[in-house]
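Read the structure below first, then the notes.
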Amino acid sequence: MVNKRLITSLSYGERASRHANAAAKALLETMVRKKSNLCVSVDVSSKKSFLDIIDAVGPYAALIKALLS
């Protein structure tokens with residue numbers, strides 16, 4: 001059984017070093033490197049709008065979820 005109190009008291013870097021899942025580990029390491037836990041969801045219909053938003057938030061976001069319709 002996982003001790004949730006222990007996990008939440010760890011830094012993102014400490015969590016990354018203990019994580020078995022490669023995707024979760026990569027995300028936690030990105031959060032440490034960027035000093036951000038910002039997640040941005042982008043739902044636009046044009047490539048230009050998408051790229052403009054990504055250029056603006058990319059340096060600050062740890063994760064970008066994209067939906068181009």
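The values are calculated or read from the model by the stated rules, or taken from the named source; none is laboratory data. No experiment lies behind these values; they were computed from the predicted model shown. Ideal geometry is used to build each Cβ from the backbone, glycine not excepted, and the neighbour counts take in all protein chains shown. With ligands, DNA and RNA removed, areas are computed over all heavy atoms of the protein, side chains included. Shrake-Rupley method; radii C 1.70, N 1.55, O 1.52, S 1.80 Å.
Things to note:
- Among 40, 23, 54 the positive-end extreme of the charge dipole of the chain (Cβ point charges): 23
- Going through [x] 17.8, 70; [y] 12.7, 38; [z] 15.0, 47, the figure that equals Rg and Dmax of the Cα atoms in Å as computed for the structure here is [z].
- Residue-normalised accessible area of the chain, given per residue in Å² at a 1.4 Å probe: 78
- Computed [θ] at 222 nm, deg cm²/dmol, the chain (DSSP H ≥ 4; -39,500 (n - 2.57); rounded to nearest 500): -15500 deg cm²/dmol
- Pair residue 4, residue 41: separation of 7 Å Cα→Cβ label points (nm): 2.2
- Length gained on full extension, residue 55 to residue 18: 10.1 nm, using 0.36 nm per residue less the C-alpha separation.
- Using a probe radius of 1.4 angstrom, the carbon and sulfur fraction of the accessible surface of the chain is 59%.
- Magnitude of the charge dipole, the chain, Cβ model with Lys/Arg +1 and Asp/Glu -1, debye to 20: 280
- Between 0 and 90 degrees, the angle of helix 22-34 with respect to the longest Cα principal axis of the chain falls at about 80 degrees.
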